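What follows is a set of notes on a single structure, which appears directly below.
The values are calculated or read from the model by the stated rules, or taken from the named source; none is laboratory data. Values in this document were obtained by computation on a predicted structure and should not be read as measured data. Cβ atoms come from the backbone with ideal geometry, glycine included; neighbour counts cover every protein chain shown.
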Amino acid sequence: MSSFELMSSKDLAYQMTLYDWELFSCVHEHELLYHTFGRQSFRRTTANLDLFLRRFNQVQLWVVTEVCLCGQLSKRVQLLKKFIKIAAHCREFKNLNSFFAIIMGMSNPAVSRLTQTWEKLPSKFKKFYAEFESMMDPSRNHRAYRLTVTKIEPPIIPFMPLLLKDMTFSHEGNKTFIDNMVNFEKMRVIANTIRAVRQCRSQPFSKSQILPSGPFS
């Protein structure tokens, strides 16, 4: 068995969360503005934000790579189970960024087309995966995800791509100036997103704040 298979899913999720929290904590609020309005306009860097966004892509591709490189059906089933467990623990640790990255990796066409593998997945895991996928539902402006976030207390590692999408949509869909006056409604909406990021890390991440273990070890 590989070292990945031997490692506890909960320990993996915890270590991922520690690393993700470190990256998220380093992202300055100004970087969100630079990313939205164009870093060239400010002549500033968004290095910390870029690193955090790259992390999301890395986790997503990690899931796809691990599953697709496995040539044995039974082991692929075990890998799917493993990633569902890790995703469940990431959600327990309020690491929604890696939670989404894992689920999006599993829903990647390269993985989702493995029909025989998914058919062999126990019904218990299929149920959890379906529940996790429902959180990714983009309908009604990602209402399922937004409701989930409102029900949990900080510290939270949010789904950063969606927050940036909110800011970009507000910026590109509204004029900054109307009749030579600042569009304060636009600025208010963007400021609310930045406040949401601030709220997510208003409390430090610590072991004492980890929720009791869920259905997986």
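The set of residues in segment 23-78 being part of a loop (DSSP other than H, G, I, E, B), among the polar types (S, T, N, Q) and surrounded by 15 or more Cβ atoms within 10 Å (Cβ to Cβ) consists of Thr46 alone. Would you say Asp179 is surrounded by fewer than 17 Cβ atoms within 10 Å (Cβ to Cβ) and on the phi > 0 side of the Ramachandran plot? Yes, satisfied. For segment 37-90, taking the residues that are basic (Lys, Arg) and at pLDDT 95 or above, the one that is nearest to Ala110 (Cα to Cα) is identified as Arg76.
Going by the conditions given, is Thr117 over 19 Å from the mean Cα position of the chain (by Cα) and assigned to a loop (DSSP other than H, G, I, E, B)? The answer is no for Thr117.
Do we find a residue being surrounded by 14 or more Cβ atoms within 10 Å (Cβ to Cβ), over 15 Å from the mean Cα position of the chain (by Cα) and modelled with pLDDT of 95 or more anywhere in segment 130-143? No, every residue in segment 130-143 fails to be surrounded by 14 or more Cβ atoms within 10 Å (Cβ to Cβ), over 15 Å from the mean Cα position of the chain (by Cα) and modelled with pLDDT of 95 or more. Within segment 100-110, track down each residue that is surrounded by 14 or more Cβ atoms within 10 Å (Cβ to Cβ), in contact (Cβ under 8 Å) with a residue 40 or more places away in the chain and part of a helix (DSSP H, G or I). Correct list: Phe100, Ala101, Ile102, Met104, Gly105, Met106. Restrict the check to segment 74-81 and report whether at least one residue is touching a residue at least 60 places away in the same chain (Cβ under 8 Å), among the basic types (Lys, Arg) and under 29 Å from Ser206 (Cα atoms). Checking segment 74-81: not a single residue is touching a residue at least 60 places away in the same chain (Cβ under 8 Å), among the basic types (Lys, Arg) and under 29 Å from Ser206 (Cα atoms).
Okay, residues lined up against (1) hydrophobic (A, V, I, L, M, F, W, C); (2) more than 29 Å from Gln203 (Cα to Cα); (3) in contact (Cβ under 8 Å) with a residue 24 or more places away in the chain:
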site: Ala87; (1), (2), (3): yes, no, yes
site: Cys90; (1), (2), (3): yes, no, yes
site: Ser112; (1), (2), (3): no, yes, no
site: Gln116; (1), (2), (3): no, yes, yes
site: Phe177; (1), (2), (3): yes, yes, no
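Every listed requirement among (1) touching a Phe, Trp or Tyr at 6+ places or on another chain (Cβ under 7 Å); (2) at pLDDT 95 or above is met by Leu121 save one, (1).
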